[in-house]
Amino acid sequence: MYNLISFMGIFVLMGVAWALSTDRRVVNWRVVIWGTALQLVFAVFIFVVPSGAKAFLVVNDGVGKVLDSAMAGTKFLFGRLALPPGMKNEMGEESIGFILAIQALPTVVFFASLMAVLYYIGVLPWLVRLFSRAFTRLMRISGAEALSTAANIFVGVESATVIRPHLATMTNSELCTILTGGMATIASSVMALYVFILQQQFPTIAGHLVSASILGAPAAIIMSKLMLPETGRPETLGVVVHPHYEKESTLMEAVINGADAGFKLVIGIIALLLALLGLVALLDMIVTAIGGQVNSMLGISVDWTLRGLLGYLFYPFALIIGVPSADASIVARLIGERAILTEVQSYQDLAAALAAHKIQNPRSALIAAYALCGFAHVPSVAIFVGGTAALAPSRTRDLARVGFRSLVAATLACLMIGAVAGTFYTQGSILLGK
């Protein structure tokens, strides 16, 4: 029954996006049909087809082995502090517990450097062109927005650089799509962080995060085009656009530049978490104090924290995407939390909830892992709008105008891939690593 609810939820979410559209008379049915079909076909291959499940496990194991390699530098620099919970080093020293800044964040530097190497040797550009071609030809969208969305499967805000020559002349609908694509997916460099956080409770999380990021691209295009449909004439409509990027002169230069970019990203994540967690705690204190008075006056019991209020908002959506009612409130709270505190905090809390057995049904954990897989939060609006505007200053006003609409579209896209995962969930699936 829950699988059917998840399947129906896919279309309910598209209905919500259409209801929020700037022009409900314009619907690109080719985008809706092909975007949905691409997600369902990919999900069938991964969840149902035996060879697809085996490929999934190979990817999961591969990411796990690469993550183990990433730990070499961390252990060398931080020694015992780098040991994940429950592990011992060669000298018999035990881990002192999980430390995000020391054990998980350094992997971002390694993966950023690895991505730079893959770009240098031509692997990532080839993959980006492959996905871009499929989106352009099947969904009949502009080559520029297809290329940017495809790049977002693998990288973050820097994906806008591959279409830099086209930004100045793109329509507002195209701009909305590239922002939505950025917020509805995750960068490969930070994927390692989430794997590190969740792999103890969710052994196959690496494969699922790769799957979620791929599903997020067509989902982003659907939700963006439903919320801000194309009414203009894009210059690159139906045209396959080649990536624009500056290749390093040597492999070592690629390694150095990648590591440097990863280090800056780590500093950015630390700064963002320090600021946001503090500000939200302060705001929570104020809102909770006022809410407590309201509860006393009206004789009600309402959770007035920001997490609690957003949990109430997303509770119907958790049910819509197929989360069992027993777990819907905690999953809704995690999704709401992501909207203001980033997915890093939400994945940490998901891991804690699984470790404490607060989430009873494995189905709920799977859907939550997919629904949280994206940069769909308030800080990302500033990051993606600011980053893209820096490449095309003349479009700053237009980017700012579509920024929050893109955030809503990206949130719906993330919920959509959660619903797709829920559609094909089976209790005995080998993909859960049980």
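Per-residue answers, yes or no, for (1) touching a residue at least 40 places away in the same chain (Cβ under 8 Å); (2) crowded, with 22+ Cβ neighbours inside 10 Å; (3) more than 21 Å from Glu343 (Cβ to Cβ):
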{"position": "Thr107", "(1), (2), (3)": "yes, yes, no"}
{"position": "Met115", "(1), (2), (3)": "yes, yes, no"}
{"position": "Leu118", "(1), (2), (3)": "no, no, yes"}
{"position": "Gly122", "(1), (2), (3)": "no, no, yes"}
{"position": "Arg140", "(1), (2), (3)": "yes, no, yes"}
{"position": "Ile153", "(1), (2), (3)": "yes, yes, no"}
{"position": "Ala160", "(1), (2), (3)": "yes, yes, no"}
{"position": "Pro165", "(1), (2), (3)": "yes, no, yes"}
Considering only region 19-39, how many residues are surrounded by 16 or more Cβ atoms within 10 Å (Cβ to Cβ) and closer than 18 Å to Ala419 by Cα?
6
With the requirement that a residue be modelled with pLDDT of 90 or more and open to solvent by less than 10 Å² (accessible area, probe 1.4 Å), what does region 335-350 give you?
Ile335, Gly336, Glu337, Arg338, Ser346, Tyr347, Leu350
Would a scan of region 410-421 turn up a residue that is surrounded by fewer than 24 Cβ atoms within 10 Å (Cβ to Cβ), aliphatic (A, V, I, L, M) and at pLDDT below 95?
no
Take Glu253 and tell me if it is of a type in the set (Asp, Glu) and farther than 23 Å from Pro379 by Cα.
yes
If we ask which residues in region 106-122 are more than 22 Å from the chain's Cα centre (by Cα) and of a type in the set (A, V, I, L, M, F, W, C), their number turns out to be 2
Touching a residue at least 24 places away in the same chain (Cβ under 8 Å) and on the phi < 0 side of the Ramachandran plot: does that describe Leu298?
no
Can you pull out the residues in region 350-388 that are without any contact (Cβ under 8 Å) to a residue 40 or more places away in the chain and touching a Pro at 6+ places or on another chain (Cβ under 9 Å)?
Gln360, Asn361
Output the qualifying pairs, or none if there are none: Cβ atoms under 6 angstrom, residues six or more apart or on different chains, first residue in region 62-81 and over 17 Å from Leu209 (Cα atoms), second residue in a helix (DSSP H, G or I).
Ala70/Thr107; Ala70/Phe110; Thr74/Ala82; Thr74/Pro106; Lys75/Ala82; Phe78/Ile102; Leu81/Ile102
In region 197-207, the residues that are open to solvent by 20 Å² or more (accessible area, probe 1.4 Å) and within 17 Å of Ala70 (Cβ to Cβ)
Gln199, Gln200
If the Cβ limit is 6 Å and pairs must be 6+ apart or interchain, which residue in region 389-409 that is touching a residue at least 40 places away in the same chain (Cβ under 8 Å) pairs with which residue that is open to solvent by 70 Å² or more (accessible area, probe 1.4 Å)?
Leu391/Arg164
Examine region 286-305 for a residue that is among the small types (Gly, Ala, Ser), more than 29 Å from Ile383 (Cα to Cα), over 26 Å from the mean Cα position of the chain (by Cα) and not in a helix (DSSP H, G or I), and state whether such a residue exists.
yes
Look at region 210-262 and say how many of its residues are in contact with a His (Cβ under 7 Å, 6 or more places away or on another chain) and either small (Gly, Ala, Ser) or crowded, with 24+ Cβ neighbours inside 10 Å (or both).
0
Given the options Phe375, Phe384, name the one that is among the aromatic types (Phe, Trp, Tyr) and part of a loop (DSSP other than H, G, I, E, B).
Phe375
Criterion: more than 19 Å from the chain's Cα centre (by Cα), in a helix (DSSP H, G or I) and closer than 22 Å to Ala101 by Cα - qualifying residue of Ala328, Ala352:
Ala352
Looking at region 1-86, what helices (runs of 4 or more DSSP H) fall wholly within it and have at least 2 residues that are modelled with pLDDT under 80 and within 19 Å of Leu366 (Cβ to Cβ)?
50-78
Among the listed residues Val323, Val302, Val240, Val266, identify the single one that is modelled with pLDDT of 80 or more and among the aliphatic types (A, V, I, L, M).
Val323
Can you tell me which condition Met191 does not meet? The list is (1) open to solvent by less than 10 Å² (accessible area, probe 1.4 Å); (2) under 22 Å from Asp349 (Cβ atoms); (3) within 12 Å of the chain's Cα centre (by Cα), and all the others hold.
(1)
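The values are calculated or read from the model by the stated rules, or taken from the named source; none is laboratory data. Just so it is clear, the model here is predicted, and its values are computed rather than measured. Virtual Cβ from ideal backbone geometry, glycine too; neighbours counted across all protein chains shown. Just so you know, the surface numbers come from the protein's heavy atoms only, side chains and all, with ligands and any DNA or RNA stripped out. Shrake-Rupley method; radii C 1.70, N 1.55, O 1.52, S 1.80 Å.
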